[in-house]
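The values are calculated or read from the model by the stated rules, or taken from the named source; none is laboratory data. Bear in mind the structure is a predicted one, so any value in this text is a computation, not a measurement. Please note: Cβ atoms are built from the backbone with ideal geometry, for glycine as well, and neighbour counts cover all protein chains shown.
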Amino acid sequence: MKETLSDNTKFKKIVFTPGKELNILLQQENRLINFLKSVKNFIDSNLYKDLYPQGSQPGVMYGLSKIHKPLVNNFPKLRPILSATKTSTYKWAKFFVPLLRPFTSNTFTIKDSFEFAKNITEQNAKLYMASLDVDSLFTNVPLDETINICVNELFKKEKRFFNLNKKQISEMLSLTTKESIILFDGD
């Protein structure tokens, strides 16, 4: 996981100046606030208030051991977990969930472990089930391409969402996905 996070094409290490650690969070909040101000006349005042960031904290990344995998240099591989509930972009990400949900479900999607258990017990015994493991899936998703796909899908049938046009939604998604600040390994 550490080698993935050290990939400077995907992650940028931020060096904090002692005593000015909050400046980066304030700058991040200000980028989001400036966008909100630019669309304030288009969106509902309640949505504006809901999306307005304040008192943000960086997300925290930690790892859960993959105890079912072989050890590497006497250490277990880790599954990265990101706690982002207090980040400035968290409310924005929550805003996008119901908008994008219709494009993420299909006949091959399983909602939860209960649905999986039901499907596996009802499966035809002559069929085989396979599980594929993708290494570092989420850190390898091309963000710009994914944002374009999401926006194009959203605007296939609609001209606006919450009175926002395609360009504004695209910028919002970009700010939401590319503006995340996380702490990892004490840094």
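What to note about this one:
- Single condition Arg101 does not satisfy, out of (1) under 30 Å from Asn152 (Cα atoms); (2) assigned to a strand (DSSP E or B): (2)
- Any hit, segment 78-87, residues being more than 18 Å from Cys150 (Cβ to Cβ) and over 18 Å from the mean Cα position of the chain (by Cα): yes
- Residue-level check: of (1) under 18 Å from the mean Cα position of the chain (by Cα); (2) more than 30 Å from Arg160 (Cβ to Cβ); (3) free of Cβ contacts under 8 Å to residues at least 40 places away in the same chain, Gly59 misses just (3).
- The set of residues in segment 73-96 being surrounded by 10 or more Cβ atoms within 10 Å (Cβ to Cβ) and assigned to a strand (DSSP E or B) consists of Leu78, Arg79, Pro80, Ile81, Leu82, Ser83.
- Count of residues meeting criterion [closer than 30 Å to Arg31 by Cβ and among the β-branched types (Val, Ile, Thr)] in segment 61-95: 4
- Any chance Lys40 is of a type in the set (D, E, K, R), loosely packed, with under 15 Cβ neighbours inside 10 Å and either at pLDDT below 90 or in contact with a His (Cβ under 8 Å, 6 or more places away or on another chain) (or both): no
- Among the residues of this structure, Lys156 counts as one that is more than 19 Å from the chain's Cα centre (by Cα), in a loop (DSSP other than H, G, I, E, B) and either under 21 Å from Leu82 (Cα atoms) or modelled with pLDDT of 90 or more (or both).
- Test: Leu143 is surrounded by 15 or more Cβ atoms within 10 Å (Cβ to Cβ) and either under 30 Å from Asp44 (Cβ atoms) or at pLDDT 95 or above (or both): no
- Leu99 fulfils the conditions (1) over 20 Å from the mean Cα position of the chain (by Cα); (2) surrounded by 12 or more Cβ atoms within 10 Å (Cβ to Cβ); (3) in contact (Cβ under 8 Å) with a residue 60 or more places away in the chain except for a single criterion, (1).
- Of everything in segment 166-187 that is in a loop (DSSP other than H, G, I, E, B) and loosely packed, with under 15 Cβ neighbours inside 10 Å, the residue that is modelled with the highest pLDDT is Asp185.
- Taken together, the residues in segment 104-127 that are surrounded by 10 or more Cβ atoms within 10 Å (Cβ to Cβ) and either among the acidic types (Asp, Glu) or not in a loop (DSSP other than H, G, I, E, B) (or both) amount to 6.
- Listed conditions (1) part of a helix (DSSP H, G or I); (2) hydroxyl-bearing (Ser, Thr, Tyr); (3) in contact (Cβ under 8 Å) with a residue 60 or more places away in the chain are all met by Tyr48, apart from (3).
- Subset of segment 66-96 [farther than 30 Å from Asp50 by Cβ, free of Cβ contacts under 8 Å to residues at least 12 places away in the same chain and not hydrophobic (A, V, I, L, M, F, W, C)]: His68, Lys69, Pro70, Asn73, Asn74, Pro76
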